[in-house]
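The structure under discussion appears below in the form of structure tokens.
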Amino acid sequence: MSDYPQLSLLIGGETITSGRETVDVLDPASGEAFAALPRATSADLDTALGHAEAGFAKWRATSADEREAILRKAAGLIRERAKDIGAAITREQGKPVKEAIGETIYCAMLLEFYAGECKRNYGRTLVRPDGQRAEVRHEPVGPIAGFSAWNFPALNVMRKIGGALAAGCSVIVKPSEETPAGGLAMVQAMLDAGVPGEACQAVFGVPDEISRHLLGSPIIRKMTFTGSTAVGKHLAALAAENLQRATLELGGHGPVLVFEDADIDKALDTMAANKFRNAGQVCVSPTRFLVEEGVFERFRDGFVERAKAITVGNGMDKETQMGPMASERGPDGIQAKVADARDKGGRLLAGGERIGNQGFFHQPTVLAEVPIDAEIMNEEPFGPVAIINPMPGYDAMIKEANRLPYGLAAYAWTQNAGKRARLASEIESGMIAINGGGVSAVDAPFGGVKWSGYGLEDGAEGVAACMVSKTVHETF
Ligand code: NAD
């Protein structure tokens, strides 16, 4: 296994590895501490803010061609380093190394898309009589503060820094303290490719102290966060005090509508693999399977069979299909939700237990016929649990799908074109996959509605979210 990298703060181009308090990073496969992460002091944060202001002036003045070339070079470095970065992600987060390398390559793909966007910042000219001209131009919003979660240590960070840098902004990112190496590798690739050290920085510390400090400064013009709805609301309120713009990628509770006319085998193969990817710790994870009564038993039994066949183990082992959960909070939370679902009458059909007494492993778990007052039907489980409930038909299924305050990803399986058209317009979500499992693509906006957040990442929208518009009215 490749060595885990030395952890650091990256402030103004300086790599700070010592002389600071540290916080332990735990291996989710053993529960043991294996690395120490330096925490930024209050003075470090002020230094980073000063650099972000200077870095913004420097970076926004680079030509679109130059920015594009630098971002493409960074993407190339990420591709070259993907094996080592993937191994570090597995060590700190637990996911199978194949998934971790895939996440890293996806970061490079996203950055390549964003690099192209540097040159696609067109603006527009308005119709005016002779002697006048009016133009709408898009300018970078300014220094951005990004806070990201531990489930995709590299991708969550790339989503924060890629769009910002493509737009011409400077960015200070705080990756998760639980999974720092993946995000640091993204920032380091930017610096190695030629992004000025003042324009792309990484800090760590006590999350609430860091976000209060950064968002308390008028230097920061925009905040972007990936994590829970509760923390998202708190950060939105902090950002409101300085009227900083905000992008919030929060939780979801993915409904999956399976109709009698669907290709059931394909739906089973696709959705079971999707459910247990990254041990279910995915904001777009499919969670509530709403299955039309005529195919309920077949779907339920097929899903249980697939869940039981999954190989759980250390993410570094080649045969592992599902690794441990990322932290102790994971299996503890799932245990509590499964117990509550059973108390309320739900049936446990697979899994339900922690595995072993080392690390944070949990069995792939399937619950069926869970009443809607159970916690797990209302709160995001964020773990390897599927809930499969029988439903009488379309109207009940769409009503249940839209019942919760979340609206991130939804999935539907049907061969009927009429139903597909209705679903596409009636589902309340930022993304829906129909007869497939993918809701994320580098050229497509990624984000939710309702309590799943606002603002977008990825696609042209991911860069537009880091820009402001200015109208220039000119008379000759
Ligand atoms: P959380 O929201 O407490 O933490 C998520 C990340 O935000 C962590 O990396 C944390 O360091 C950071 N954070 C927390 N408080 C912060 C603050 N005040 N300022 C800045 N950053 C802060 O979530 P959690 O306890 O790790 O997980 C709980 C739930 O959050 C999950 O069950 C899931 O519902 C949701 N979640 C969603 C995503 C997503 O991809 N949208 C990712 C992780 C967690």
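Under the convention that each Lys and Arg Cβ holds +1 and each Asp and Glu Cβ holds -1, the size of the dipole of the chain around its Cα centre is about 900 debye. Note on Lys450: aspartates and glutamates with a C-alpha under 20 Å away, same-chain residues under 8 apart excluded, are Glu249, Glu375, Glu379, Glu380, Glu400, Glu426, Glu428, Asp458, Glu461.
For the range 254-441, the Kirkwood radius over C-alpha pairs fed into Stokes-Einstein at 37 °C and 0.692 mPa s yields D = 199 µm² per second. Beta bridges assigned by DSSP with both partners in the chain are antiparallel in approximately 40 percent of cases.
Helix 293-308 and the longest principal axis of the Cα set of the chain meet at an angle near 70°. With a cut-off of 10 Å between beta carbons, the residues surrounding Phe289 carry a summed charge of +3, where Lys and Arg count +1 and Asp and Glu -1. Amide H to amide H, with H built 1.01 Å from N, Ser176 comes under 5 Å of Ser148, counting only residues 5 or more places away or on other chains. The protection proxy used here, the mean number of other Cβ atoms lying within 10 Å of each residue, ranks peptides 354-363, 43-52 as follows, highest first: 43-52, 354-363.
In summary, the lysines within cross-link reach of Lys95, defined as a Cα separation below 20 angstrom excluding same-chain residues under 8 places away, comprise Lys83, Lys275, Lys308, Lys318.
Counting Lys and Arg as +1 and Asp and Glu as -1 over every other residue whose Cβ lies under 10 Å from the Cβ of Tyr4, the net charge comes to -3.
Take the Cα of Glu369, step 7 Å toward its Cβ, do the same at His234, and the gap between the two points is 4.0 nm.
By DSSP, the beta bridges lying fully in the range 254-441 are antiparallel in about 15 percent of cases.
A straight Cα-to-Cα reach below 22 Å connects Lys419 with the lysines Lys266, Lys399, residues fewer than 8 places away in its own chain not being considered. By the compact-protein rule of thumb, 2.2 N^0.38 Å, the alpha-carbon radius of gyration of the chain corresponds to a ratio of 1.00.
Bear in mind that the values in this text are calculations on the coordinates, not laboratory data. Please read all numbers here as calculations on a predicted model, not as lab measurements. Note: ideal-geometry Cβ built from the backbone for every residue, glycine included; neighbour counts use all protein chains shown.
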